[in-house]
Amino acid sequence: MALVLDGKRVRDEILKELRPRVEELARTGRPPGLTVILAGCDPASEIYVRNKVKACEELGIRSEKLTPPETVSTGDLVDMVEALNSRQEIDGILVQMPLPPQVDSRKVLLAVSPEKDVDGFHPLNVGNLVTGRPGPRPCTPAGIMELLRRHEIGVAGKRAVVVGRSDIVGKPVALLLMHQHATVTICHSKTSNLAEECSRAEILVAAMGKPALITGEFIRPGATVIDVGINRVTSAEQAARIFAGDAARLEEFERKGSLLVGDVHPAHVAQKAGAYTPVPGGVGPLTIAMLMVNTVEAAERGAARRRSSGCSG
Ligand code: NAP
């Protein structure tokens, strides 16, 4: 039987460990503060932001949500970020992606002070990641590493394959795996013989956004398979193909009209992998937990800076 890597349990552990650190910050100065900018009204982004704000509330982190309209300009967003950079009670600034199409996302992300960049997307923090210096790591890749570590899945010396080369998942997770001494291959949409590349992996990370593309022949027997993909399946035909033989999921599809599926075929991975993350309940819960970690760490660094410069607050 494959081991199911339980993202909810790891998330709860991480949040539990953060609680006394948040209390200590509140006791000795003020609680950590996070501002989320949600531009426009993308329904998925609204759900993500709601969950982030909720996690802050549960942990005692002060949060604030700014909601500029869909028509916001790059300049307005940059001004908004710069105003937040100079507010001392804010430790973290998160700009929810995607931004409306007229906005230059790179300019907005560049405007976030690297010290308040709790997503780890600022080029300076990307440089810190590449060179192995301390700094905030992108949340989903950092969550994957926690999931492996807390399930005692060794990385050093393993052959890892990452499918996807995005700045927020594929590239950073490949770097984190390499820093922990895995031998890493990065695949993408132009890779030839993807199944063959993947089938060599002792650790396979799928981050493409393609429902159930990774089927049995991509998976080396006994491999650890990390499924980052979150895809909503709305076609009955596709649901029947992916969830054939899983009466409970098919019944759920009938009831809701859609189902979440990862990039890995759920039945095939359960049969072939040694360990794997389910969707939902695997990688997803860790992204917000690591955002909380990055926010608390930014607050701790800020408090240390204020102490050394003799300021309070
Ligand atoms: P992205 O920016 O769209 O990048 C997708 C990557 O996959 C690209 O590098 C692309 O290659 C590659 N790709 C696409 N089709 C492929 C194929 N048929 N074969 C091989 N490679 C292929 O996506 P992302 O932001 O990294 O997100 C990936 C998935 O993770 C999405 O489902 C997203 O919803 C999910 N996600 C989940 C969480 C979470 O908290 N669980 C967080 C972030 C993202 P090219 O570079 O060649 O185009």
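Just so it is clear, none of the values below were taken in a lab; they were calculated from the coordinates. Computed from a predicted model, the values in this text were never measured in an experiment. Every residue, glycine among them, receives a Cβ derived from its backbone with ideal geometry; neighbour counts consider all protein chains shown.
Key figures
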| item | result |
| --- | --- |
| Residue among CYS41, CYS56, CYS139 with the largest mean-square fluctuation in a Gaussian network model of the chain, springs linking Cα atoms under 10 Å | CYS41 |
| Greater than 31 Å apart at Cα, pairs in LYS8/LYS256; LYS16/LYS107; LYS54/LYS272; LYS116/LYS190 | LYS16/LYS107; LYS54/LYS272; LYS116/LYS190 |
| Column: log10 I(q)/I(0), Debye, Cα scatterers of segment 240-305, q = 0.13, 0.18 Å⁻¹ | -0.54, -0.76 |
| Projected area averaged over orientations for segment 95-250, convex hull of C-alpha atoms, nm² | 11.5 nm² |
| Helix 7-28 vs. the chain, principal-axis angle (Cα, 0 to 90°, nearest 10) | 10 degrees |
| Per-selection metrics, the chain (Cα): Rg and Dmax in Å | 20.2, 65 |
| Of LEU94, ILE61, THR74, farthest towards positive along the dipole that unit charges on Lys, Arg, Asp, Glu beta carbons give segment 61-104 | ILE61 |
| With eigenvalues of the C-alpha gyration tensor scaled by 5 and rooted, segment 42-98, Å | 20, 17, 7 |
| Cα-based Kirkwood hydrodynamic radius, segment 187-233, one decimal, Å | 11.0 Å |
| Compactness of segment 216-256 as Cα Rg over 2.2 N^0.38 Å, two decimals | 1.41 |
| As computed over segment 170-313, the Cα convex hull volume per residue (Å³) | 151 Å³ |
| Crossing angle, helix 74-85 versus the chain [Cα axis fit, 0-90 degrees, rounded to tens] | 60 degrees |
| Distant alpha-carbon pairs in segment 25-122 (separation over 21 angstrom), percent | 30 percent |
